[in-house]
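The values are calculated or read from the model by the stated rules, or taken from the named source; none is laboratory data. This structure is a prediction, so every number in the text was calculated from the model and none was measured. Note that each Cβ is placed from the backbone with ideal geometry, even for glycine, and that neighbours are counted across all protein chains shown.
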Amino acid sequence: MTWPELTEAQIRQYAAADTFQRGRDYYQQGAVVALIKRGALLQAEVEGSRAAPYRVHCAFDSPGQITATCSCPYEWGGWCKHIVAALLACIKEPETIEERPALESILEKLKREDLLALLLKLAASDLEIAERIERQTTLLQTIVSSTPPSGKPGMSPGRTPPDVKAIRRQVRSAIHSLDRMRASEAYWQVGSVVNEIRQTLEQAWDFIKADDGQSALLLLEAITDEYQDAWETLDDSDGEVGDFYYNDLGPAWTEAILTTDLDPEERELWTGKLEEWQRDASDYGIDDAFTDAISAAQEGWDSPLLQRILAGKPLEMDEIELGTPDEGADFISAVTPARLRILERRGRYEAYLRLAKAAGETESYITMLVRQGRAQQAIEYGRGHMHSTQEAFALAKALTEQGQLEEGLQMAEHGLTLKGPKIPLATWLRETAAGLGQTSRAWEAAQIVVREEIGLAAYLRVQDLARERWAGLRPKILEHVRRVQLYSPRGQVEILLHEGLIDDAISAMKESAPYALVAQVAEAAIADRPEWVIQVCRQRAEAIMDAGKANHYHEAVEWLRKVISACQAAGRVGEWKAYQEELLNLHRKKYKLVPMIKALP
């Protein structure tokens, strides 16, 4: 992947508006202290609120697509300010980027004993690195040793069973870490407890992915027992405790059971346990957490119809009729995605394709065809059977990942004619085409994005790509922005403010508009529409002061500061002074507010 040409508009699309602004401030303050380029990887150090700089990693994985991470704790969606600052530095000061060889080219020159010495030295200096090496080594050994010569899944002969007692201790320790906290503190820590148990569950997934279902079942039983015994004592006001059942524990059970070669007695045993856990969970409103896992235990892989499909044997006419989704054939099941993942892990690609096609899993079918080098077959089938933008998106990405760039772009364009959300697919097409230098194609997709997703980032990106076409395109887009009715006008208002269309921005505002948006418009309108600013900001300030909301008096003062600025802009300073005296008289008994009003100029 070649180093791409970045623009501010591209960076904006990955970050929230306020985060982008903070990132820009960081860049302008010189917070980016190191930029290192290794092939298609950018590494940066950005100073922040802690002593050591935060570490940013940006990978340009495919044309127009950027993956970025940061060592900071930001987790509110999109890129953090440190990533924004680092990439702005790349754009503004490319001469500061230090180019180094890709890590692969350095390591491939080392001998085995040198690599071993290097790993041991790194592990000795950092406990976290040591633990990562140990875990990955264990997983690699599991993958090599877990499948018996017979080819049937299960624990390999002579393999050490997992430490179930340790797993139980981990779950208990996580849950009981709340015992030492006050109730108010414990409430806020429930999410972190669930995340800790989720990390413990990852150990079961390691065994599942290594095709060692027996070990995974032992770990899952320990985790479920301990979690079920104590979870009702946790505060689930935010639904995090229950979500763990639906989104984490249930799917792990489903896949572990189908990964294991269970005899009828074992299947009946696990079905019974799962049904018992399901009954207990239902007492607390968790009704279907184990439904798919129970189906997996009951169905297994034994259905004669399923076996004939996997083997590629012809079906009788009555079986084909029963095999329609409307009839609910036994191979069309909620556990089909789990079966497909298992078939893929075992390298049974033809069986995977047969099941995916028979079960109507179009997305899985066409993407696997591409991965198997049958791109043309995938394209032909996709054009006849795809019904959603999501399916087209999956096929487009699969094609480009296999080097079929033109075919991937064509499939994305076709997908935009299908039903479903267009923004993810159009955004991908926009950036991929731009990354390949196909500007016309990119700006066509950009127009779809800006019409579907009214926002400043999308607007600037289409301007970025339109180039000489922008003069003719701009009025049409702005007319659409003015006319559109949105639940939240933020993106609409930000575009209008960017273009200096103050009256249009004011017209787009709603009574329910949030504090920050009203403040943003008021700041922009002080010079041109001071009367509107005075009226709106007085209303906002008075609502807080009249209600006696002492904790929010500082907000009222900020609204009053805007009133002052608007009065000055309108040449009505005397009006402000009179209003200030009126407020002091009206609120004279509010000891906290009075000095704040007096302190205003």
The stretch 500-601: helices (runs of 4 or more DSSP H) wholly inside it with 3 or more residues that are in contact with a Phe, Trp or Tyr (Cβ under 6 Å, 6 or more places away or on another chain) are 530-546
Exactly one of Val32, Val56, Val46, Val84 is within 22 Å of the chain's Cα centre (by Cα), farther than 25 Å from Ile423 by Cβ and at pLDDT 90 or above, and that residue is Val56
When the stretch 376-390 is checked residue by residue, the ones that are closer than 18 Å to Tyr352 by Cβ and surrounded by fewer than 23 Cβ atoms within 10 Å (Cβ to Cβ) are Gln377, Tyr381, His385
Check your understanding: at pLDDT below 75 and either more than 27 Å from Leu340 (Cα to Cα) or surrounded by 14 or more Cβ atoms within 10 Å (Cβ to Cβ) (or both): does that describe Ala166?
Key -> no
The strands (runs of 3 or more DSSP E) lying entirely within the stretch 1-108 that contain at least 2 residues which are touching a His at 6+ places or on another chain (Cβ under 9 Å) and closer than 24 Å to Arg430 by Cβ are 41-46, 65-70
Only one of Gly373, Gly403, Gly415, Gly360 is out of contact with any Gly (no Cβ under 6 Å at 6 or more places or on another chain), buried (at least 22 other Cβ atoms within 10 Å of the Cβ) and not assigned by TED's automatic domain parsing to the domain that holds Ala446, namely Gly415
Of the residues in the stretch 1-29, those that are touching a Ser or Thr at 6+ places or on another chain (Cβ under 9 Å) and either assigned by TED's automatic domain parsing to the domain that holds Ala52 or at pLDDT 95 or above (or both) come to Gln13
Filter the stretch 481-503 for residues that are farther than 15 Å from Asp528 by Cβ and surrounded by fewer than 13 Cβ atoms within 10 Å (Cβ to Cβ); the one that is nearest to the chain's Cα centre (by Cα) is Tyr487
One residue is enough: does the stretch 418-434 have a residue meeting the conditions at pLDDT below 95 and farther than 29 Å from His387 by Cβ? no
Just one listed residue, out of Pro53, Pro94, Pro63, Pro73, is exposed (fewer than 12 other Cβ atoms within 10 Å of the Cβ) and either out of contact with any Ser or Thr (no Cβ under 8 Å at 6 or more places or on another chain) or within 17 Å of Leu6 (Cβ to Cβ) (or both), and it is Pro73
*asked:* Condition check: modelled with pLDDT of 95 or more and out of contact with any His (no Cβ under 9 Å at 6 or more places or on another chain). Does Ala392 satisfy that?
replied: no
Filter the stretch 35-56 for residues that are of a type in the set (A, V, I, L, M, F, W, C) and free of Cβ contacts under 8 Å to residues at least 40 places away in the same chain; the one that is farthest from Pro73 (Cα to Cα) is Ala40
The one condition Leu118 fails out of (1) more than 27 Å from the chain's Cα centre (by Cα); (2) in a loop (DSSP other than H, G, I, E, B) is (2)
**OP:** With respect to Glu99, determine if the residue is exposed (fewer than 13 other Cβ atoms within 10 Å of the Cβ), outside the structural domain of Gly435 (by TED's automatic domain parsing), modelled with pLDDT of 90 or more and closer than 30 Å to Gln402 by Cα.
**Re:** yes
request  = For the stretch 463-477, state whether one or more residues are of a type outside the set (A, V, I, L, M, F, W, C) and buried (at least 16 other Cβ atoms within 10 Å of the Cβ).
outcome  = yes
* Can you find a residue in the stretch 412-420 that is in contact with a strand residue (DSSP E or B) (Cβ under 6 Å, 6 or more places away or on another chain) and part of a loop (DSSP other than H, G, I, E, B)? -> yes
